[in-house]
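What follows is one structure encoded as structure tokens, with my remarks underneath.
The values are calculated or read from the model by the stated rules, or taken from the named source; none is laboratory data. Everything numeric here is computed off the predicted structure, so don't read it as measured data. Every residue, glycine as well, gets a Cβ built from its backbone with ideal geometry; the counts of neighbours run over all protein chains shown. We work out accessible area using only protein heavy atoms, side chains counted, and drop any ligands, DNA or RNA first. Shrake-Rupley method; radii C 1.70, N 1.55, O 1.52, S 1.80 Å.
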Amino acid sequence: MKYLMKAYWWKLLTVILLIYTVIGGFLMPAPRLPILNETIRILHFHVPMWFGMIIMFLVSVFYAIKYLSTKNLMYDLYAEQLVNIGVMFGVLGIVSGMIWAKFTWGESWSNDPKQNASAVALLIYFALIILRESLQDDHQKARLGAVYNIFAFAVLIPLLFVLPRMTDSLHPGNGGNPAFGQYDLDSDLRMVFYPAVLGWTFLGFWMATLKIRAARLQKHLDYE
Amino acid sequence: MRKTLSFQPYFCPMDQIIALIKKDLLVDFRQKYVVAGIALYVFATIYIAYLAFNNVITPAIWNALFWLILLFSSITGLGKSFGQEAHRSHYYYYLAKPVHILTSKLIYYGFYEILLVVLLTGIFNLFLGFPVENPSLFLVNLLAGASGLSVCFTLIASIAAKSDNGSHLMPILAFPVIIPVLLLAVTNSRKIVFGASLADISGNLWVLVCFNVIIIALSFILFPYSWKN
């Protein structure tokens, strides 16, 4: 994170990757599949949101653990802002998923286990934000926030990756549905999909670094 | 021969844990109205359900109601586990290790949860019946689910107790993280109500038990941090 806050090359890379994603995502050839048709192009915007969210939550847990072992409030700031941006990505992921579902599954919300799990995941992280707001002391906020953050992530993993696989789901890769990458993610899509994941995730980190900078400036102003 | 010190500090961890459990028991014994209040809460909730669902209850609804009422009465009962003597907790910082405190709380509130389950099942049986095809398996699954509830709520209560309005925060923090446990337990329970055997639910039951083990391990890692002030 410290390195990311200083370096510039990855921001340039983000811009290039995202321009490529938007142009390539809308204009490059996509497979013609029944039901999905052209809506498959939302893949480059919907799925990377979840990748970005999970990666940001993971890094946030890393900094939560680091805070607990060093008691350095800087790490807590990293953890906090990464969770905020991760939650934003999660909301965008759910909304884009609902739009996609409306056109392909017929309903925005069709009681799909993965939809439910991601909604619960967001509930958990909203609870974390509320917990932090309810505490006044900076160190107490950081410590209890870190404890809940680690606990929440440990609950999140089975919730998102184990439980949906045990029941039938409309999502690919679950309960008898063909997995990602077997036939529906063909090489044309891959050409855009992997850069898209990278680009959106980098964008999330970029936003988090900006938020961290803003929070640090705010703290400086408060002390003066 | 000179007598050694008559006052011995607690060295053996088991002694300390037993003393802490006794202390919790004493606190509850002195404030009997808290326990009585929880019993009344369970009774009143079931009675409301009985009046509201009069004659329309099916086994599937019975199962959902059972778990819902168990969830709410557990959160009322276990939410108090750390808030009850917050003003005295400074003594315990110096007297006891956090690990021993957590162990004693987990044991005490584990028994507490079992009592709650027994009470709940008894009253449910009285008013709403017990339409379960395989009662012993139902109890095994109930025990696995309830232990998950009690461990998870104990850790969350230790976090919520640090806040000014912990009683409001408790359900907000606890409900989202308990959903995986609840989801597995309720699904199992529904299958059992309709006559599933052990082989049908063993997969889910194992996941539930593993999940409980993960929560217990995490509690022991995280509790020292949420306990210190």
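Quick notes
- Lone unmet requirement of (1) within 14 Å of chain A (Cβ to nearest Cβ); (2) not in a helix (DSSP H, G or I) for B:F130: (1)
One line per residue, one yes/no per condition, for (1) in contact with a Gly (Cβ under 9 Å, 6 or more places away or on another chain); (2) modelled with pLDDT of 90 or more; (3) part of a helix (DSSP H, G or I); (4) crowded, with 16+ Cβ neighbours inside 10 Å:
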| site | (1), (2), (3), (4) |
| --- | --- |
| A:P31 | no, no, no, no |
| A:R41 | yes, no, yes, yes |
| A:H44 | yes, no, yes, yes |
| A:F89 | yes, yes, yes, yes |
| A:G93 | yes, yes, yes, yes |
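- Test set (1) away from chain A (no Cβ under 12 Å); (2) buried (at least 20 other Cβ atoms within 10 Å of the Cβ); (3) at pLDDT 90 or above - B:A174 fails condition number: (1)
- Whichever residue in the stretch B:21-64 is among the aliphatic types (A, V, I, L, M) and either touching an Asp or Glu at 6+ places or on another chain (Cβ under 8 Å) or open to solvent by less than 20 Å² (accessible area, probe 1.4 Å) (or both) and, among such residues, is nearest to B:R88 (Cα to Cα): B:V27
- Filter result (within 20 Å of the chain's Cα centre (by Cα) and at pLDDT below 90) within the stretch A:122-153: none
- B:K3 fulfils the conditions (1) open to solvent by 50 Å² or more (accessible area, probe 1.4 Å); (2) modelled with pLDDT under 85; (3) under 24 Å from the mean Cα position of the chain (by Cα) except for a single criterion, (3).
- Of everything listed in (1) within 13 Å of the chain's Cα centre (by Cα); (2) free of Cβ contacts under 8 Å to residues at least 60 places away in the same chain, the single unmet condition for B:F138 is (1).
- Conditions (1) surrounded by fewer than 23 Cβ atoms within 10 Å (Cβ to Cβ); (2) within 28 Å of B:L95 (Cα to Cα); (3) within 8 Å of another protein chain (Cβ to nearest Cβ); number of the one not met by B:S167: (3)
- Screening B:L95, B:L51, B:L68 for residues that are within 22 Å of the chain's Cα centre (by Cα) and not small (G, A, S) leaves exactly one candidate, B:L68.
- Test: residue in the stretch A:105-112 that is within 21 Å of A:L123 (Cα to Cα), part of a helix (DSSP H, G or I) and open to solvent by 40 Å² or more (accessible area, probe 1.4 Å): no
- Residues that are modelled with pLDDT under 90 and closer than 16 Å to A:G86 by Cβ, drawn from the stretch A:184-214: A:V197
- Residue that is most open to solvent (accessible area, probe 1.4 Å), among those in the stretch B:65-88 that are free of Cβ contacts under 8 Å to residues at least 40 places away in the same chain and closer than 22 Å to B:L102 by Cβ: B:H87
- Breaking point among (1) in contact (Cβ under 8 Å) with a residue 24 or more places away in the chain; (2) open to solvent by 20 Å² or more (accessible area, probe 1.4 Å); (3) assigned to a helix (DSSP H, G or I), for B:Y91: (1)
- Filtered by the rule that a residue be in a helix (DSSP H, G or I), at the interface with chain A (Cβ under 8 Å from one of its Cβ atoms) and over 20 Å from the mean Cα position of the chain (by Cα), the stretch B:202-229 gives B:G203, B:N204, B:Y225.
- For B:P59, the conditions (1) without any contact (Cβ under 8 Å) to a residue 24 or more places away in the chain; (2) in contact with a helix residue (DSSP H, G or I) (Cβ under 8 Å, 6 or more places away or on another chain) are fulfilled apart from (1).
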